[in-house]
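Peer 1: Okay, here's the structure, questions in a sec.
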Amino acid sequence: GAVVSQHPSWVICKSGTSVKIECRSLDFQATTMFWYRQFPKQSLMLMATSNEGSKATYEQGVEKDKFLINHASLTLSTLTVTSAHPEDSSFYICSASRTEYNSPLHFGNGTRLTVT
Amino acid sequence: DQQVKQNSPSLSVQEGRISILNCDYTNSMFDYFLWYKKYPAEGPTFLISISSIKDKNEDGRFTVFLNKSAKHLSLHIVPSQPGDSAVYFCAASALKGTYKYIFGTGTRLKVLA
């Protein structure tokens, strides 16, 4: 089955620094990947759609300059949280899907970011 | 505006009995629905899906029912097992081919041994 790998699984950083999270599709090519964020006891909120070879599409309210997304290849998308602040602390999850219509999204295991 | 709602934040069921998780949606354009299971500190795991052209889909112990007129779907797990204890999210998609999913708030299922 499809596997999506996300790295790192957790990271602690100081305020003002940047953190990069990687998302890889391991056994299929993903022209589109999605980045979600989950606050404690809340739903998964879509942050942005990562498109291979083009700019990401951000959801309303998500700062594109703070959450930089790069989809350099068909198997890799990265999310960089720039100048992180404590309020950016959250659980970030990426997902990808095969290209067939109505194929389910498969999720990575998420990255717990803590900004001190 | 929460387009996908799971009104029960938690549910407890005895092992071997049926678990029924409910989900309501407001957007009549949704045409694809999914259920995901999530453990703490892990990403969601896909369980089962249903297209709007169907009203039932079954996969082993999991069955999803869709009632389009009521804008309601449900996940039935039978028999429930302690390993089913997790948070369950329903998700809906309205835009063909874009895989843009809207998730519900989740229901925490606890299966008691």
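The values are calculated or read from the model by the stated rules, or taken from the named source; none is laboratory data. Quick caveat, the model's predicted, so the values are computed rather than measured. Glycine gets a Cβ as well: all are built from the backbone with ideal geometry, and neighbour counts include every protein chain shown.
Peer 1: Return the pairs, sorted by first residue and then second, in which the second residue is assigned to a strand (DSSP E or B) and among the small types (Gly, Ala, Ser), the first residue lies in the stretch B:12-39 and is more than 14 Å from chain A (Cβ to nearest Cβ) and closer than 29 Å to A:Thr111 by Cβ, the beta carbons are less than 7 Å apart, and the residues are 6+ apart or on different chains.
Peer 2: These pairs meet every condition: B:Leu21/B:Ser74.
Conditions (1) charged (D, E, K, R); (2) touching a Gly at 6+ places or on another chain (Cβ under 9 Å); (3) within 24 Å of B:Ala92 (Cβ to Cβ), marked per residue:
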| residue | (1), (2), (3) |
| --- | --- |
| A:Gln60 | no, no, yes |
| A:Lys64 | yes, no, no |
| A:Leu76 | no, no, no |
| A:Thr82 | no, no, no |
| A:Tyr92 | no, yes, yes |
| A:Leu105 | no, no, yes |
| A:Asn109 | no, yes, yes |
| A:Arg112 | yes, no, no |
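Peer 1: Determine, yes or no, whether B:Leu11 is in a strand (DSSP E or B), surrounded by 21 or more Cβ atoms within 10 Å (Cβ to Cβ) and either in contact with a Pro (Cβ under 8 Å, 6 or more places away or on another chain) or aliphatic (A, V, I, L, M) (or both).
Peer 2: No; evaluated as a whole, the condition is false for this residue.
Peer 1: Right, something else. Report, by residue number, each residue of the stretch B:51-63 that is touching a Lys or Arg at 6+ places or on another chain (Cβ under 8 Å), farther than 20 Å from B:Gly83 by Cα and either at pLDDT 95 or above or at the interface with chain A (Cβ under 8 Å from one of its Cβ atoms) (or both).
Peer 2: Once the filter is applied, which keeps residues that are touching a Lys or Arg at 6+ places or on another chain (Cβ under 8 Å), farther than 20 Å from B:Gly83 by Cα and either at pLDDT 95 or above or at the interface with chain A (Cβ under 8 Å from one of its Cβ atoms) (or both), the stretch B:51-63 yields only B:Asp55.
Peer 1: When residues of the stretch A:80-102 are filtered for being in contact (Cβ under 8 Å) with a residue 40 or more places away in the chain and either farther than 14 Å from A:Cys23 by Cβ or within 14 Å of chain B (Cβ to nearest Cβ) (or both), how many remain?
Peer 2: 15
Peer 1: Tell me, yes or no, whether the stretch A:48-56 has at least one residue that is among the charged types (D, E, K, R), surrounded by 13 or more Cβ atoms within 10 Å (Cβ to Cβ) and under 26 Å from B:Tyr88 (Cα atoms).
Peer 2: Looking for residues that are among the charged types (D, E, K, R), surrounded by 13 or more Cβ atoms within 10 Å (Cβ to Cβ) and under 26 Å from B:Tyr88 (Cα atoms), one finds none in the stretch A:48-56, hence no.
Peer 1: Out of the stretch A:79-116, which residues are farther than 27 Å from B:Ser51 by Cα and surrounded by fewer than 19 Cβ atoms within 10 Å (Cβ to Cβ)?
Peer 2: Within the stretch A:79-116, A:Thr80, A:Thr82, A:Ser83, A:His85, A:Pro86, A:Glu87, A:Ser89, A:Arg112, A:Thr114, A:Thr116 meet the criteria.
Peer 1: Let me ask you something else. From (1) at pLDDT 95 or above; (2) out of contact with any strand residue (DSSP E or B) (no Cβ under 7 Å at 6 or more places or on another chain), pick out the condition that doesn't hold for A:Ser54.
Peer 2: So A:Ser54 meets the others, but not (1).
Peer 1: Checking B:Lys110 against (1) without any contact (Cβ under 8 Å) to a residue 40 or more places away in the chain; (2) surrounded by 14 or more Cβ atoms within 10 Å (Cβ to Cβ); (3) of a type in the set (Lys, Arg), which test does it fail?
Peer 2: Of (1) without any contact (Cβ under 8 Å) to a residue 40 or more places away in the chain; (2) surrounded by 14 or more Cβ atoms within 10 Å (Cβ to Cβ); (3) of a type in the set (Lys, Arg), only one is false for B:Lys110: (1).
Peer 1: In addition: Checking B:Ile102 against (1) more than 14 Å from every other protein chain (Cβ to nearest Cβ); (2) over 10 Å from the mean Cα position of the chain (by Cα), only one condition comes out false. Which one?
Peer 2: (1)
Peer 1: For the stretch B:17-39, how many residues are part of a loop (DSSP other than H, G, I, E, B) and hydroxyl-bearing (Ser, Thr, Tyr)?
Peer 2: Number of matching residues: 3.
Peer 1: Taking B:Leu66 and the conditions (1) out of contact with any Lys or Arg (no Cβ under 9 Å at 6 or more places or on another chain); (2) at pLDDT 95 or above; (3) part of a strand (DSSP E or B), which numbered condition does it fall short on, given that it satisfies the others?
Peer 2: (1)
Peer 1: Within the stretch A:36-51, identify whether any single residue is more than 14 Å from every other protein chain (Cβ to nearest Cβ) and of a type in the set (Gly, Ala, Ser), and answer yes or no.
Peer 2: No, the conditions are met nowhere in the stretch A:36-51.
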